[in-house]
1. If you take the beta carbon distance between A:E122 and B:A218 as r and set R0 to 51 Å, what does 1/(1 + (r/R0)^6) give as a FRET efficiency, to the nearest 0.05?
2. What are the extents of the Cα atoms of the protein assembly as shown along their three principal axes, in Å, largest first?
3. For the pair B:L103 and B:F124, how long in nm is the line joining their label points, each one 7 Å along Cα→Cβ?
4. Run through the stretch A:171-231 and list the GluC sites (Glu not before Pro) located in a DSSP loop whose Cβ has at most 13 other Cβ atoms within 10 Å.
5. Please give me, ordered by residue number, the trypsin sites (Lys or Arg not before Pro) of the stretch B:26-122 that lie in loop per DSSP and have at most 14 other Cβ atoms within 10 Å.
6. Rounded to two decimal places and with Rh computed the Kirkwood way over Cα pairs, what is Rg over Rh for chain A?
7. Let me see the pair-distance distribution of the stretch B:41-279: every alpha carbon pair, 10 Å bin width, integer percents in order.
8. Which far-off residues, 5 or more places away or on another chain, put their amide H under 5 Å from the one on A:Q32, with H placed in the peptide plane?
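Read the figures in this text as sums done on the coordinates, not as results from a lab. A quick note: this is a predicted structure, and the numbers were derived from the prediction, not measured. Note that we place each Cβ from the backbone using ideal geometry, even for glycine, and neighbour counts take in every protein chain shown.
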Amino acid sequence: MTNEPRDMIVIKDLHKHFGNVKAVNGVSLTVQKGKVIVVIGPSGSGKSTMLRCINHLETPTSGEIWIDGVKLGHNEKELNETRAEVGMVFQQFNLFPHLSVLENVTIAQKVVRGRSKEEAQEIAMKQLTRVGIPEKADSYPNNLSGGQQQRVAIARSLAMNPKIMLFDEPTSALDPEMIKEVLDVMLDLAKEGMTMVCVTHEMGFARSAADEVLFMDAGVVVEHTTPEDLYNNPKEERTKLFLSQILQH
Amino acid sequence: MEENSPVPIEQEGFQAKDISWWFWAIILIFIWAIYIIATRENYQDAFQFIKAGIAVTIKTALISYAFAVVLGLLAGLGRISKNIFFNNLARLYVELIRGIPMLVLIFFIALVGVPIFVDGLNAFGAWLVKIGLGFIGTPLNEFGNSAFTMNSRAIIALSVTYGAFLAEIFRAGIQSIGKGQMEAGRSLGMSYGQTMRHIILPQAVRNVLPALGNDFVAMVKDTALVSVLAVRDITQVSRLYAGSTFRFREAYVTVSVMYLAMTVALSLLIQLMERRLNND
């Protein structure tokens, strides 16, 4: 990267409480342009909530989120504009079942970006080619495998030309043989210099793509280091315990 | 391995159970009624008299339903809105309407609600005239005094009543769509309204089409209630015919068969539609 460091995501002392449950309890994080951050941690550790706060799908209880120098507030219109710059991929894909694959990838381009049908379709086909399934453009989501659906979901986000991509356990709902095709797409994306925050347990992906790994537990960041360091030389007891549990088999 | 374990498989295509004896019974009733009406002078006389109300019945049902869909959609959106004002307003509307018998509502809206509204309109028009805006005020008063015939009051009453029923159908339809759909739309930068319109509603409406159809059939039947406002629908015309000739049997056999013809035809249409939706 020839660019000088630029803070794409800044999280300052983020708290998110659901009633008495403190899902995120004071997280601060800075993600520079082009960096890939992998977030791991046991279920209920607040990693997904933290991710969902980044594009304000969850409104933080307190704390600040800055996206590319813009602080997120409560203004809906500004939030919509910011969300268009931040792609998100969900565990359950969340494709629009009543729309064809091509329409899934063009709808937000047309509605949000105001692109013409032709332009949107051209961009959509480019993104579908990039994720390897241009031939499925006219299919409907229900006729695709899980891996294909997730790749369409990635293409749908990429078609908006986001500055940041958030991945919320993108492979957790997939059959094992389909995980690789999704990870390959994510790996390519990482190599192309996309700023990414990925909640995932795919250790292979973390080792080969991540610049930094966060280990979260009970709503706080327990360890924040490089993947090699975390896996080979975990410092905290909780990290060791978690890694031993997921790496045992 | 029990790969071929016997699983009851839904049979496809035309089956005897699709059209059972009740259907043939209705067909028989129709044939019998048509035969009677065609051959007996009294029945023919009744039919000729009553058919003058068919246009009013169909027009009332169609227009009221169209308004009810708009009202129902707005109220349904209100019911799920996070905006406390709209949410409560929609809830108030639905609860008020559902708590009062439809017949009473029709009397109330036509004979109390609309007159109050017209009085208000007239007062507003008179005020406009007084402050020198006669070019708006005078036509407004003319409109207020002429537009609210009993026919249009009947349509308003049915629309308002059915709007509340449809609101609950739309609400259920919207809530049947997973939360992930809204999140996916919002994460792409679409606003709440845009996501509702392009993502949620198309799926929700599709899910509730059968229920919407059933309510249309119910509305066709409930148009009979507007006869209490002396609107000349087929029920009212039958009453007039029976009252003046004392041929009760002829009048009510004929009007019943007319309603049946409409509702059975509509029900079959809805079944067809449902089957096509399920096959998609």
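1. Given R0 = 51 Å and the Cβ-Cβ separation, E is 0.55.
2. Extents along the principal axes: 101, 78, 48 Å.
3. 3.4
4. Counting only loop positions with at most 13 other Cβ atoms within 10 Å, the GluC sites (Glu not before Pro) in the stretch A:171-231 are A:E192.
5. Numbers: sites: B:R40, B:K51, B:K59, B:R79, B:K82, B:R91, B:R98; in loops: B:R40, B:K82.
Sparse-neighbourhood loop trypsin sites (Lys or Arg not before Pro): B:R40, B:K82.
6. On the way: Rg = 17.9 Å, Rh = 18.6 Å.
Rg divided by Rh gives 0.96.
7. All Cα pairs considered, the percentages come to 7, 23, 27, 23, 14, 5, 1, 0.
8. A:M8
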